[in-house]
Amino acid sequence: MENPKLNIVEAVNLALKQEMERDPSILIFGEDVGKDGGVFRVTDKLQDQFGEGRVFDSPLGESGIAGMAIGLAMYGFKPVVEVQFDGFYQQMLDQMLQHAARMRNRSRGRYSVPMVVRVPSGGGIKALEHHSESIETYVAHTPGLKVVYPSTPYDAKGLLLAAIRDPDPVIFMEPKRLYRAIKQEVPLEDYIVPIGVANVLQEGTDLTVIAWGGMVREVQKVIATLPHLSIELIDLRTISPFDEPAILASVQKTGRLVIIQEAPKMFGPGSEIAALVAEKALYSLKAPIQRVAAPDITVPYLKAEHWYIPDVFQIEQAIQAAMV
Amino acid sequence: MTQDIFSQFNPLEGKRFQVMDENGNISTDPTVAALRPAEVTDDFIKQAYEKMLFMKMADQKANNLQRTGRMGTYASIRGQEATQAGTALAMQRTDWLVPAFRELGVMWMHGVPMENMYVYWMGNEIGSLPPPDVNCIPISIAVGSQMLHAVGLGMGMKKKKETKVAVTFFGDGATSEGDFHEAMNCAGVFQPNTVFICQNNQWAISVPRSYQTKSVTIAQKAQAYGIPGIQVDGNDLIAMYVATKTAIDRARRGEGATLIEAYTYRLGDHTTSDDAKKYRDPAEVELWKPKDPMIRLQKYLAARNLWSQAYEDELVARYEKEIDVIVEKSQSVQYNPADIFDYTYAQLTPHLIEQRTEFLTRLEIQS
Ligand SMILES: Cc1ncc(C[n+]2csc(CCOP(=O)(O)OP(=O)(O)O)c2C)c(N)n1
Ligand SMILES: [Mg+2]
């Protein structure tokens, strides 16, 4: 059978469908994921295929969704739950931080919580308050959670399968602004994109740019306008645990680093990557590291969103600054 | 004694409080008749109808503005006008309103200018800044998160020995959030000057009320927390007014909180981003259409020669003009870029001052 060309919504849907066919312990629940197929249609038609026993709407409560998933996971099920929007992860943060992330440690390995929380993430779709948040900093700062954030349909399928098969809780972030923006050939056969492995999207020798999620495509737009520069673009793909060898190898080669992060600047993954390079590759650097990130303010409402989210102008400026 | 309403209409006995039925007839039940306060005259009802018509039209306009790209996602109040007008009429200007997001009507009647509402939904935070004498907390998008604030406000009012009241709105879906239960529980424990209005419009996006709770009513949950709860026909303006007025008066006297379940219906989609056809049987909507809160008031007023099509047309023409002016005004409100920084703290931190300067410089270069 020929491989289909899918967008990210369809790729995630396909991954869920195929994995549910393979593994009967998988359950999908959350708000509006059943008949409605989720507000982004990511779980579309799964209830039709697998029935209400495996794909069901929960009452409206994120703490409840996460807490029940923890119980089910400890009892041998594989819950793949959806939190409707990034901003409402905060309503389940309690359960995720206090229990999902700690159960293995607390019970000294007796109980574990192999669950996946799918989080439509980031801005760029002009939505209401709490619908455009970048929560990677919060989740990555929780020991015991893994955090992945694909930027392409291919990676979305492969990383989701890796996340579902992972023995620990994984936060699976989906870039809303890219949900239907790109189509790519996605293999029908089984494959995984391993957690913890970055993707060098483009090799180069002048400069390394690291981005993830919704920012990757913005960087690609900028690179297309700078043909005179040999830029190495790394799609981080996994925020935690991130791919240290890939980052260091690239910086050692290029000597220049620009980090693009949609989340607010302070204490985020970008800070961590910069610290890593300062610790382990400082003498490779030919110029100061440049970071582009959202300012450390509340995400503005839709009229001002475009001022807040890092844009191509800022990315280009940072690249130029790193090249001096 | 009006507070008897809560024992007379015990939700556990399957009772729902209604004064005017869907044909515009006033209940002849003597218990109900005794509860109707003197101020609810025909003139009162006519004025309320006019307010409801205005909010209905302003709501429709918001939908249109979204469809034509002049507004962001919007959550319509269509079908819930009586719940909102009934409550607003029972509130005083000095009371505090703590809304969710589907409260265009009650916010406006409580004093938030319609222009503010439009500016908010157009995606500018400045819309949440009402005139200084209007006490309305900004819209809460996070479902269920605001009810506890109304408990805190009501506790403060009580501690200060004031007779003000905090009235909070939320949906049926919101009652599944843990915060709802904490709010109800704390309201039982601390007896604040608080009134809870649950707009049970039967749906939380695609999820029907029956999936949220096995309780037969939402009102009965109040009893578990030791506070009165009543289910009211939310499409009945008078019933809503009487029930909320009773609850507000109780709270004003310092006797504690009440839960009112306004049994109503979301006639439209969840928001402009939603398509209810995907999950809701159109036959159900047809069943609710005759219960429309506007229609029964028209019938009531028409029977008393207080409503006619000509009168309606005249109102519509007048309101259309007024709303067009409001649209103009709200569209002319500019977003001040520095605002995105300036309210983060009372005083900007050195770090934010630097980011703000960088930001404003960038805007200048980019423009
Ligand atoms: C904490 C939280 N979770 C999820 C959402 C997404 N969401 C917005 S409205 C809604 C349904 C709300 O239903 P209900 O409380 O009945 O209010 P209604 O929309 O019917 O007025 C959901 C799930 C949200 N805004 N906040
Ligand atoms: Mg509802």
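One line per residue, one yes/no per condition, for (1) more than 23 Å from the chain's Cα centre (by Cα); (2) at pLDDT below 95; (3) not assigned by TED's automatic domain parsing to the domain that holds B:Ile227:
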{"residue": "B:Phe9", "(1), (2), (3)": "no, no, no"}
{"residue": "B:Gln18", "(1), (2), (3)": "no, no, no"}
{"residue": "B:Asp21", "(1), (2), (3)": "no, no, no"}
{"residue": "B:Ala33", "(1), (2), (3)": "yes, yes, no"}
{"residue": "B:Asp42", "(1), (2), (3)": "yes, no, no"}
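Remark: pairs (first residue in region A:275-298, within 14 Å of chain B (Cβ to nearest Cβ); second residue part of a loop (DSSP other than H, G, I, E, B); Cβ separation under 6 Å; 6+ apart in sequence or on different chains) = A:Val292/A:Pro310; A:Ala293/A:Lys265; A:Asp296/A:Lys265; A:Asp296/A:Met266; A:Ile297/B:Thr344. Taking region A:221-257 as the range and being surrounded by fewer than 17 Cβ atoms within 10 Å (Cβ to Cβ) and under 21 Å from A:Ala181 (Cα atoms) as the test, the residues that pass are A:Lys221, A:Ala224, A:Thr225.
For B:Trp203, the conditions (1) closer than 18 Å to B:Gln18 by Cα; (2) within 14 Å of chain A (Cβ to nearest Cβ) all hold with the exception of (1). Whether any residue in region A:239-257 is touching a Pro at 6+ places or on another chain (Cβ under 6 Å) and more than 14 Å from every other protein chain (Cβ to nearest Cβ) is what I want to check. Yes, region A:239-257 has at least one match. Scanning region A:203-252 for residues that are touching a Ser or Thr at 6+ places or on another chain (Cβ under 9 Å), in a helix (DSSP H, G or I) and among the hydrophobic types (A, V, I, L, M, F, W, C) turns up A:Met215, A:Val216, A:Ile247, A:Leu248, A:Val251. Listed conditions (1) within 19 Å of B:Asn10 (Cα to Cα); (2) surrounded by fewer than 23 Cβ atoms within 10 Å (Cβ to Cβ); (3) within 12 Å of ligand 2 (Cβ to nearest atom) are all met by B:Gln223, apart from (3).
Search region B:209-220 for residues being away from chain A (no Cβ under 11 Å) and not hydrophobic (A, V, I, L, M, F, W, C), and hand back the single one that is farthest from ligand 2 (Cβ to nearest atom).
B:Gln220
Across region B:164-208, the number of residues qualifying as within 9 Å of ligand 2 (Cβ to nearest atom) and assigned to a helix (DSSP H, G or I) comes to 2. A:Ala162 satisfies every condition listed in (1) out of contact with any Asp or Glu (no Cβ under 8 Å at 6 or more places or on another chain); (2) in a loop (DSSP other than H, G, I, E, B); (3) small (Gly, Ala, Ser) except (2). Looking across region B:170-217, the residues that are over 29 Å from B:Arg252 (Cα atoms) and away from ligand 1 (no atom under 13 Å from the Cβ) come down to B:Lys214, B:Ser215, B:Val216. Of all residues in region A:299-324, those being within 12 Å of another protein chain (Cβ to nearest Cβ) and either farther than 16 Å from A:Ile260 by Cα or open to solvent by 40 Å² or more (accessible area, probe 1.4 Å) (or both) number 13. Can you list the helices (runs of 4 or more DSSP H) lying wholly within region B:303-367 that have 2 or more residues being under 21 Å from B:Gly72 (Cα atoms)? Fully inside region B:303-367 and qualifying: B:309-331, B:339-342.
Which one is nearest to B:Gly256 (Cα to Cα) among residues in region B:218-233 that are of a type outside the set (Lys, Arg) and within 16 Å of ligand 1 (Cβ to nearest atom)? The extreme case among them is B:Ala219.
The values are calculated or read from the model by the stated rules, or taken from the named source; none is laboratory data. Because the structure is a prediction, the values reported are computed rather than measured. With ideal geometry, Cβ positions are generated from the backbone for all residues, glycine too; neighbour counts draw on all protein chains shown. These area figures cover heavy atoms from the full protein model, side chains too; ligands, DNA and RNA do not enter into them. Shrake-Rupley method; radii C 1.70, N 1.55, O 1.52, S 1.80 Å.
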